[in-house]
2 protein chains.
Amino acid sequence: MEIVRRIRSGNIRAAARLLRDIDDRIPSAHDALRELYPYTGKAHVVGITGSPGVGKSTLVDGLTVRFRKDGLTVGILAIDPTSPFTGGAILGDRIRMQRHFPDDGVFIRSLATRGQFGGLTRSTNDMISVLDAMGKDVILVETVGVGQDEVEIVNSAHTTVLVTVPGLGDDVQALKSGILEIGNILVVNKADREGAEKTASQLRGLVDMRKIGGNGDGWNPVIVKTDAHRGMGMEELYSAICGHRDFLLRSGREEWNEMARQRAKRQLMEALREEAVKAILNRMEDRGKPLDALLDEVVERRTDPYSLASEIVSEKLCNGR
Amino acid sequence: MEIVRRIRSGNIRAAARLLRDIDDRIPSAHDALRELYPYTGKAHVVGITGSPGVGKSTLVDGLTVRFRKDGLTVGILAIDPTSPFTGGAILGDRIRMQRHFPDDGVFIRSLATRGQFGGLTRSTNDMISVLDAMGKDVILVETVGVGQDEVEIVNSAHTTVLVTVPGLGDDVQALKSGILEIGNILVVNKADREGAEKTASQLRGLVDMRKIGGNGDGWNPVIVKTDAHRGMGMEELYSAICGHRDFLLRSGREEWNEMARQRAKRQLMEALREEAVKAILNRMEDRGKPLDALLDEVVERRTDPYSLASEIVSEKLCNGR
């Protein structure tokens, strides 16, 4: 497949087109993804997540420069809850592209969240695969928010960096945020602000609590204070990220391989969900019994969504119950 | 079914138990949901969403008091990305329960997000159904963040209140947040803070942009400045919410009914996804070919998740392609 060959040779235009097709959910994209998959699994995927306004983009840009200094190629996926209406993602790309232009070692792409259920997670994993197959050494995935989908996304990362800032109840919210559980590195950005040390020590307290609770992967989350705009703490953050990668790769790559397995399982489950529903809906269409026709029964409370779903599924599956 | 009868009679203990079963994904909960569904569809579902720390809980509590003043019963679902580890959701319930205790007209429950893919949306819709069947006149759904799941959740609401605060780039982030598209009422909370008017006018600008862009549901988002702690602006917010409900119910309830249809469709699609995958996985188990056994082929790149998913699905569906 021509596009596959070009993407593997690092062709930015080809990769950009495939990423757009994935984002627009164009079916042909799946064929390309199938052929690219064998060439994936090499990159170090780093998730950078946190609430809006904590300075993730600046951190990502700073890290990119640092990775380049070591001669590592970098792919960046900025997951951006931008609506088609505001169109900010594309704009964001243009602005950020320029900063690293014409460095071919850096490829950045923003992904606007689609309204589709769970679409974000699926698309993100697919896009990570594309950058991976492109041969990027490091893939930085920047995600906004503390929602379920963000948790799913960082689950796809080898290393997760949770970014917060002093104040605005964010430190308290961090406590409430399940995402803290999966942060391998905890960053207090805008550390020039008042309360930075307080936030850092609160995080230290949480890390100690977790040790007692025993999340037991043998890694103790590192806390780093940064001021991304001034470049402060970036070297420490960089070392922490490399340190976690080394941790995963030590002792026969056990952790690394287990993560690869978990990620493959998630991708398979997501593909399975999508394929199963697609196949069922197609068959309903073919039989002249589209979903919308049955919907009225639910709206008028003659049945309920759960019973109807079971009926449809068991009818479509061989010797279904 | 005993639990169904008790929930319909407004029994808080029975409702709390079912909600817990839903949250814990205990299968028997589905039977109760099936029986409750015919009694749903009456409540006015109001989504209250925004970034962490903007003061959603305080607004929800204030609105609850106001609705009670009109003799309306209120159900509250606080969607809280709390991990099982921190256990904050239950704590939050206890603290907040006390405030309205012993008012039987108010039922509040926090829902901790589960790691399961898309689990949050499904659980939330189910929980809304329970409170609806309980006979609550108004259901307030409080969600944190601007992630995909939050968008899905507010899609289940008749009226969506988007909460922001002055500063911390939140006003800029609002532009980038697709969720703004679906905010029927835009609240600038903590309006005593500097920059409140600036944020409000930025939102006004966005609303005007949207009018030009034409989101065309005939409703022009209302912008309200509040200071929930001092109770400032709560009456305006309350009127805006009632105003939007009246808008939906005017001219033969067209908008209201269309929303009911859309929500039923989402519930059906979610149930379909869940049932389809569950049935397929069960059949694989029965055939002694569990998913994990096939997973190695993906991990070792002998196949890819997409091809394997298609194979599995077409094999499980009658005369699959």
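Every read-out reported here was derived from the displayed coordinates using simple, explicitly stated rules and does not represent laboratory data. Bear in mind the structure is a predicted one, so any value in this text is a computation, not a measurement. Cβ placement follows ideal geometry from the backbone for every residue including glycine, while neighbour counts extend to all protein chains displayed.
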Subject >> Built amide H within the under 5 Å cut-off of A:His44, gap 5+ >> reply: A:Val138, A:Ile139
**OP:** Figure the gain on full extension for B:Ile26 and B:Gln262 (residue separation times 0.36 nm, minus the Cα-Cα span) and round it to one decimal in nm.
**Re:** 82.3 nm
**OP:** Please compute the net charge surrounding A:Asn11, taking Lys and Arg as +1 and Asp and Glu as -1 over other residues with Cβ under 11 Å from its Cβ.
**Re:** +3
**OP:** For A:Tyr39, go 7 angstrom from Cα along the Cα-to-Cβ vector, then report the distances to that same point in the other copies in nm, smallest first.
**Re:** 6.0
**OP:** With label points built 7 Å along Cα→Cβ from the Cα atoms of A:Met1 and A:Glu315, find their separation and express it in nm.
**Re:** 3.4 nm
**OP:** With unit charges on the beta carbon (Lys/Arg positive, Asp/Glu negative), name the residue among B:Leu291, B:Met269, B:Tyr306 whose Cα is farthest towards the positive pole of the charge dipole of region B:266-319.
**Re:** B:Met269
Subject >> Subset of A:Lys69/A:Lys190; A:Lys190/B:Lys198; A:Lys136/B:Lys56; A:Lys56/A:Lys265; A:Lys56/A:Lys136; A:Lys190/B:Lys190 violating a 30 Å alpha-carbon distance limit >> reply: A:Lys136/B:Lys56
Original post:
Measuring label to label, 7 Å along Cα→Cβ, what does B:Asn11 give against each other copy in nm, shortest first?
Top reply: 6.8
Original post:
If r is the Cβ-Cβ distance from B:Ile12 to A:Arg253 and R0 is 35 Å, what FRET efficiency results, to the nearest 0.05?
Top reply: 0.10
**OP:** Would you mind pulling out the separation of the Cα centroids of region A:244-284 and region B:1-31, in Å?
**Re:** 34 Å
Subject >> 16 Å cut-off, amide nitrogen to a point 7 angstrom out along A:Asn220 Cα→Cβ, residues in region A:246-261 >> reply: A:247
Original post:
Put the label 7 Å from Cα along Cα→Cβ for A:Ser239; what are its distances to the other copies, in nanometres, shortest first?
Top reply: 6.0
**OP:** Grab the Cα-Cα distance for B:Arg230 and B:Ser201, subtract it from 0.36 nm times how many residues apart they are, and report the gain in nm with one decimal.
**Re:** 8.2 nm
Original post:
Using a Förster distance of 56 Å, how high is the FRET efficiency between A:Cys242 and A:Asp286, based on the Cβ-Cβ distance and rounded to 0.05?
Top reply: 0.55
